[in-house]
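What follows is a single structure, written as structure tokens, with notes after it.
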Amino acid sequence: MQKGWLRLPFLCLLLCCCSVTVVAGQPDWSEEKVGRLAVKADRAATQKNWTKAIRYGEEMLEGASALYGETDEDYLNRLKTLNRYYDKAGRLLEVSDQVIKAYQLSKTSLGPRHHISELSRLLYYKLLIAKKDYSAAVVVVQENIALLSDSEDDKFKRLHYMEQLFSLYGLLQQRSLEEQTLLEMLDLSKELMGPDSAENMPIILNLANSYCRQNKVEAFNALMKLYDLKYTCPFY
């Protein structure tokens, strides 16, 4: 009888010790602690020490996840920042899932025009280019274009995005879409820079090359005559 009573306190002591160990092993997160890690990560990034920036950034993100939840703006901002560190380190492919997550969550939680969403979308686009997923990259560029207004600044952005589309359609061998994009680019370039601007000539030459590759002889010759150019097409 005595032995049984002696074992009970010892057993309770063991259980208490185990319980304390589990609690002590859990990170004690606070906004102040996450903020300190963010400052350290930013300082390392300023020095272009991407390895250290990523290390602090990973800890920062863990704390943000525990404090805020993954649809909160503070968490998404930390996630975007960490992905940016990976991009600067040339290691974006290592965190593909994380980049996709940032793109999707920021768009649905914050809206596509939020600055966090914009940078997350840019990093997602860069990831797609690195993976040579050009069809998916086209969708992202089209999304960027759809968000633009009719302001002059946005028209210049539209011209930039259309140039990206032209390059992507070329990589995908989609010549008719490439041609259509170049025609729209030329109209917009003339509107923004003037009909006789030298800025228009690269677009005109790319359009001539597109006509040539599609064996559109009449369109090619008409373009040469319109702009008084002396190029010949090697494909016919």
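The values are calculated or read from the model by the stated rules, or taken from the named source; none is laboratory data. Everything quoted here is computed from the prediction, not taken from an experiment. When we count neighbours, we look across all protein chains shown, and the Cβ atoms used for this are built from the backbone with ideal geometry, even at glycine. The protein model used for the area step is the full one, side chains on, heavy atoms only, and it has no ligands, DNA or RNA in it. Shrake-Rupley method; radii C 1.70, N 1.55, O 1.52, S 1.80 Å.
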Which pairs have Cβ atoms under 9 Å, sit 6 or more apart or on different chains, and link a residue in the stretch 222-235 that is closer than 14 Å to TYR211 by Cα and without any contact (Cβ under 8 Å) to a residue 60 or more places away in the chain to one that is of a type outside the set (Phe, Trp, Tyr) and open to solvent by 100 Å² or more (accessible area, probe 1.4 Å)?
MET224/LYS230; MET224/THR232; CYS233/ARG213; PHE235/ARG213
Has the stretch 188-200 got at least one residue that is among the aliphatic types (A, V, I, L, M), surrounded by fewer than 18 Cβ atoms within 10 Å (Cβ to Cβ) and out of contact with any Lys or Arg (no Cβ under 8 Å at 6 or more places or on another chain)?
yes
For the stretch 122-130, state whether one or more residues are touching a residue at least 12 places away in the same chain (Cβ under 8 Å) and either over 30 Å from ARG78 (Cβ atoms) or among the β-branched types (Val, Ile, Thr) (or both).
no
Condition (residue is under 24 Å from LYS216 (Cβ atoms), open to solvent by 30 Å² or more (accessible area, probe 1.4 Å), out of contact with any strand residue (DSSP E or B) (no Cβ under 9 Å at 6 or more places or on another chain) and not aromatic (Phe, Trp, Tyr)) applied to the stretch 148-163: is it met by at least one residue?
yes
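Does the stretch 170-182 hold any residues that are open to solvent by 20 Å² or more (accessible area, probe 1.4 Å) and not in a loop (DSSP other than H, G, I, E, B), and which are they? Working first, answer last.
Here is the first cut: in the stretch 170-182, the ones open to solvent by 20 Å² or more (accessible area, probe 1.4 Å) are 171-177, 179-180.
Once the filter is applied, which keeps residues that are open to solvent by 20 Å² or more (accessible area, probe 1.4 Å) and not in a loop (DSSP other than H, G, I, E, B), the stretch 170-182 yields LEU171, ARG175, SER176, LEU177, GLU179, GLN180.
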Looking at the stretch 183-231 only, could you name the residues that are of a type outside the set (Ser, Thr, Tyr) and in a loop (DSSP other than H, G, I, E, B)?
GLY194, PRO195, ASP196, GLN214, ASN215, LYS216, ASP228, LEU229, LYS230
Contacts under 7 angstrom Cβ, first residue in the stretch 75-104 being closer than 15 Å to LEU61 by Cβ, partner part of a loop (DSSP other than H, G, I, E, B) and modelled with pLDDT under 95, 6 or more apart
TYR75/GLY69
Which numbered condition in (1) modelled with pLDDT of 95 or more; (2) surrounded by fewer than 15 Cβ atoms within 10 Å (Cβ to Cβ) is the only one that TYR231 fails?
(1)
